[in-house]
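Below is one structure, written out as structure tokens, with a few remarks after it.
Read-outs: derived from the displayed coordinates by stated rules, not from any lab. Predicted model, so just to flag it, every value in this text is computed and none were measured. Don't worry about glycine lacking a Cβ; one is built from the backbone with ideal geometry, like all the others, and counts go over all protein chains shown.
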Amino acid sequence: MTNAKGYAAHSAESPLESYAFERRELRGDDVAIDILYCGVCHSDLHFARDDWGMAAYPVVPGHEIVGRVTAVGAEVSHYQEGDLVGVGCMVDSCRHCQACDDGLEQYCAEGFTMTYGSEDRHDGTLTQGGYSDKVVVSERFVLRMPEGIDLKSAAPLLCAGITTYSPLKHYGVKPGHKVGVIGMGGLGHMGVKLAKALGAEVTLFTRSQGKVDEARSNGADHVVVSTDDDQMAAVAETFDFMLDTVPNQHDLNPYLQSLKYDGTHILVGQLQPLEPAVMGANLIFRRRVLAGSLIGGIPETQEVLDFCAEKGITCDVEMIDIQDINQAWERMQKGDVRYRFVIDMASLKDAD
Ligand SMILES: [Zn+2]
Ligand SMILES: [Zn+2]
């Protein structure tokens, strides 16, 4: 075992605080990584606050990890010491079901092992995430950071990036398509950039008039203020796809009505019951599809990293020290971040 240092929550109410723990000895297929940067995802907060009723404590959150390989197990063939690598939301899966064979480990029939808060499939210990100085991960779940990519702003591609890229790719978004992106947080602003890079005409839906200029500067071709009935009426039956990144309950009906016939509304944020109720007529009368999508598989995560490096796409980030994490979570809850906090893990060296 190796001594590790991180920041953990010990209950749903307690703030994150400095925490000493251990990382496992390398298994044959393991890669040991010194963490350089870790993005701060809304899921970190939801999990630690037990908003989803699945928390396990203590939890070291963080699943947008970028670091440098320090050692590899005997059977590792793809990575060596010194490589710059990433780890996203998954660190293991059953590796033999249809989904795993298809490289869609996020849909593993036995459930994938989350980067934090899951039971390790081999030794039963609790997995711990990237708000820490090091991590040990099986090479199958390690990504290669492309040459020349800005590591700080690439970290959020490992969750926010792949979560929006995967459905856009799956549904074949391409030039000629009109895509609506709902919400402009960490996910939404990546959705705009990626849909644009895939050639689509992109409209950002925001509740606030104040975000209109900001959305344009992020590359949206058009902006619709969703609380303005006239603006919503003007875009009825317009879109091929709606990428819905809003994590809270909201009325889908006006957005469904904004889709053309055969249009697809894709949920990537909201896990709760769909309320207010979805009108069947909004689907049936135009053969519209209501769909969901969860992060993306490991091969596709490598693809989005390479795609973003090639296209020069990065996430807009605000760097913080680990000591500022509780304040960052408070700000994130208020939507006061443009658009992702990323922890500079060098700051952990100064932590108690
Ligand atoms: Zn995430
Ligand atoms: Zn599986």
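Farthest toward the dipole's positive end in the chain, which of Ala160, Val173, Thr2, given Cβ charges of +1 (Lys, Arg) and -1 (Asp, Glu) about the Cα centre?
Projecting each Cα onto the dipole axis, the largest value belongs to Val173.
Using +1 on the beta carbon of Lys and Arg, -1 on that of Asp and Glu, and nothing else charged, what's the dipole of segment 64-141 about the Cα centre, debye to 20? Walk me through the intermediate numbers first.
Numbers: 5 positive and 14 negative charges, 26 e Å.
Result for segment 64-141 is approximately 120 debye, rounded to the nearest 20.
Please work out how much length the chain gains when fully extended from Ala74 to Leu26, using 0.36 nm per residue of separation minus the C-alpha to C-alpha distance, in nm with one decimal. Please list the in-between numbers first.
Values: separation 48, 0.36 × 48 = 17.28 nm, distance 0.89 nm.
Separation in residues times 0.36 nm, less the Cα-Cα distance, equals 16.4 nm.
Excluding residues on the same chain fewer than 8 positions from Lys174, give the aspartates and glutamates whose Cα lies under 19 Å from its Cα.
Those aspartates and glutamates meeting the cut-off are Glu201, Asp221, Glu237, Asp240, Asp244, Asp262, Glu300, Glu303, Asp306, Glu310.
Please report the antiparallel percentage of DSSP beta bridges with both residues in the chain, rounded to the nearest 5. Walk me through the numbers on the way to the answer.
Working: 34 of 61 bridges.
So the antiparallel bridges amount to about 55 percent of the total.
With only Lys, Arg, Asp and Glu charged, each at its Cβ (+1 for the first two, -1 for the last two), find how big the charge dipole of the chain is about the Cα centre; round to the nearest 20 debye. Show your work: numbers first, answer last.
Values: 30 positive and 52 negative charges, 177 e Å.
The dipole magnitude comes to about 860 debye.
Return the subset of Lys134/Lys311; Lys169/Lys260; Lys5/Lys152; Lys134/Lys169 for which the Cα-Cα distance in this structure is over 25 Å, preserving the input order.
Values: Lys134/Lys311 30 Å; Lys169/Lys260 19 Å; Lys5/Lys152 20 Å; Lys134/Lys169 32 Å.
In this structure, Lys134/Lys311; Lys134/Lys169 exceed 25 Å between Cα atoms.
Take His96, project a point 7 Å from its Cα along the Cβ direction, then tell me which residues of segment 112-145 have their backbone nitrogen under 20 Å from it.
112-114, 119-124, 138-141
Counting only residues 5 or more places away or on other chains, whose amide H sits under 5 Å from the amide H of Leu36 once H atoms are built in the peptide plane?
HN-HN under 5 Å from Leu36: Val66, Gly67, Arg68.
Which residue, Val235, Thr245, Tyr116, has the largest displacement toward the positive end of the dipole of the chain when charges sit on each Cβ (Lys, Arg +1; Asp, Glu -1)?
Result: Val235, furthest along the dipole toward the positive end.
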